[in-house]
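So the structure is just underneath, and the comments pick up after that.
Derivation of every value follows stated rules applied to the coordinates shown; laboratory data play no part. A quick note: this is a predicted structure, and the numbers were derived from the prediction, not measured. Cβ placement follows ideal geometry from the backbone for every residue including glycine, while neighbour counts extend to all protein chains displayed.
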Amino acid sequence: MAIRPRARSIWASLRAERRTLRQGLVALALSTVASFVAGLTLGAITGTLSLLPGLLVLIPASVGMRGTIFGAMAARLGTGIHAGLFEPTLRRDSLLGRNVEVGLISSIAASFYLAAVAKLVASAFGERTISFWDLVTISVVGGILASAVILFATVVIAVLSFRRGWDLDAVATPLVTAIGDMVALPALFVATFIARNDTVNASVAAICTLAVIVVLIRAVVTASATRKVLVEMVAVLALTPLLDIFAGALLQARLPTLELVPAFLILIPPFVSQAGALGGILSSRLTSKLQVGLISPRGRPEPPAILDGAIVFGFGLVVFTVIGAVAAALERLTGLADRAGVLHPGAGTIVAGAVLAGVVVLPILLLAGYYTAVVTTRFGLDPDNHGVPTITSLLDLVGIAAVLFAMGVLGVGANG
């Protein structure tokens, strides 16, 4: 008989969260549609990937870094709104102003770092790559172009959430992640044209290096509150991209197979993006609850944390099914399935692959999201600086591995 009161309690909690559920679903729907821009771009630039070997190693890390930096920024702003500290002003001493500065400094410095790590990892895996300076130009120029758009969008979303009473924890990560996916890959593609001219590329790479030195000096002399966030972000920005780089190396190694099955090449960016968005929603909601005292950092999740996990799990089943269906439709509508020599596994197989990969990812997402928030809180760190970046980068690698695993189980591309 104790089941009935518990069921009523869960139902009451879901009803109390229905506004957040609506906002989260709308944000995920919009971000799912937007993230297919990255999927279509990846499916369409296979010639560029072949022309510039090693670029595919950089892509997941560069795209993921935008989510890491601006997802964490949105999480900090969301906590600030819940705590009553947010003001819609860009003054340098305001919460929003400090976060904008952190975003700019982090984006430029991290882009240079990604180029170096991509070159090292690709070489370690025995992959042939373009030069380090080519990677610097593509990573930094593409990163700056993408970051300018994503930073503007993050600020607008935060201000609108503050003024209209939206739950920033529910809407920010999906929208920021989707916008990042939508602009980051095309921005990198635009930057590749600079790298194809040796003279221009040498000049641009030198300017990029100088810009990195300037922002690093700026990071040292900036206000203490801003510097504190940057210091906490250093380890995150140094370590989490390694997961994305390994994800890129995994894609690079499987590129010949993926080129034979364009539907799954289209599917990977939105799948990974939405896995990260779901992880970001969970992490943001948990960190806000931890910081305002609604839950405690215990090894065993409390009911509010379990409810958040249930909401994210339900979102995931819906989103991954939709991603599979849309990928199958886009493969046909764009004519990619009609290319000579490619394989068309069928809509049912594509949807099944997306759902199977989702079933693999979701338990990992729930465990990683909860315990990352708990562990960082117990160590006295700001979970907003670590939760979203860690979970989104982890899910970039796990998401790609899950899709490739699903392809193997379903026998997709096995004969390619």
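Odds and ends about this structure:
- Virtual spin-label span in nm between residue 296 and residue 325, 7 Å along Cα→Cβ: 4.4 nm
- Within the chain, the selection of entire DSSP H helices by a Cα span of 30 Å or greater along the long axis and an average Kyte-Doolittle value of at least 1.6 returns 132-164, 168-195, 198-221, 303-333, 347-378.
- Zone residues, region 97-137, relative to residue 209, backbone N less than 12 Å from point 7 Å out along Cα-to-Cβ: 132-134, 136-137
- Selection among 358, 160, 67 by position relative to the dipole of the chain gives 160 as farthest towards the positive end (Cβ unit charges, Cα centre).
- Annotation: the residues 28, 104, sorted from fewest to most other C-beta atoms within 10 Å of their own C-beta, follow the order 104, 28.
- Each label was represented as a point 7 Å from its Cα along the Cα-to-Cβ direction; for residue 253 and residue 159 these points are 4.6 nm apart.
- Once the C-beta distance of residue 216 and residue 332 is scaled by a Förster radius of 45 Å, the resulting FRET efficiency is 0.40 to the nearest 0.05.
- CD proxy at 222 nm, helix term only [per DSSP H run n ≥ 4: -39500 (n - 2.57); per residue of the chain; nearest 500]: -30000 deg cm²/dmol
- Computed from the C-beta positions of residue 124 and residue 235, the FRET efficiency with R₀ = 25 Å rounds to 0.70.
- Neighbour-count ranking [beta-carbon atoms within 10 angstrom, fewest first] of 394, 160, 282: 160, 394, 282
- Per-peptide average of other Cβ atoms within 10 Å, ordering 146-159, 226-239 highest first: 146-159, 226-239
- Computed over region 10-410, the percent of Cα pairs more than 27 Å apart is 46.
- Region 173-279: C-alpha gyration tensor shape, a/c 1.5 cut-off, then a/b vs b/c: oblate
- Order of 317, 362, 255 - criterion: other Cβ atoms within 10 Å of each residue's Cβ, fewest first: 317, 255, 362
- Nearest-0.05 FRET efficiency for residue 367 and residue 131, computed from C-beta distance (R0 45 Å): 0.65
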